[in-house]
Amino acid sequence: MSELELEREPGMLQLSDLIIYNPQVKSFEELLVLVAEAAANGARFINFDVKPDFVDTPRTWQQVIERVFNLGARYLEGRK
């Protein structure tokens with residue numbers, strides 16, 4: 001299922017949908033890759049409707065996700 005299919009409103013992505021529909025994701029770092037991919041694929045907004053429940057989730061998780069979402073494809077390029 002693509003990130004764009006998860007949108008309830010055009011351009012809006014729910015963080016919970018990314019987590020629920022991607023059970024293979026086992027860490028906060030892996031979630032960040034999904035967030036960046038969603039932004040690169042056209043999501044314009046992200047709603048922090050849940051706190052990610054991963055062992056490596058930092059205290060500043062919202063700020064980290066927002067930064068990665070804003071970077072989008074640039075974040076993915078930096079990981080290669």
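Just a few scattered comments:
- Within the chain: Cβ-based charge dipole about Cα centre, in debye rounded to nearest 20 (Lys, Arg +1; Asp, Glu -1): 300 debye
- Each other residue within a Cβ distance under 15 Å of residue 26 adds +1 if Lys or Arg and -1 if Asp or Glu, for a net charge of -4.
- Relative contact order for the chain, counting Cα pairs under 8 Å that sit 6 or more residues apart, in percent: 35 percent
- Shape of the range 27-80, Cα gyration tensor, a/c cut at 1.5: oblate
- Within the chain, helix-based [θ] at 222 nm, where runs of 4 or more DSSP H residues each add -39,500 (n - 2.57), nearest 500: -12500 deg cm²/dmol
Where a number appears in this text, it was derived from the coordinates with a stated rule and is not lab data. These numbers come from a predicted model, not from an experiment. Methodologically, a virtual Cβ is constructed for each residue, glycine included, from the backbone with ideal geometry; neighbour enumeration extends over all protein chains shown.
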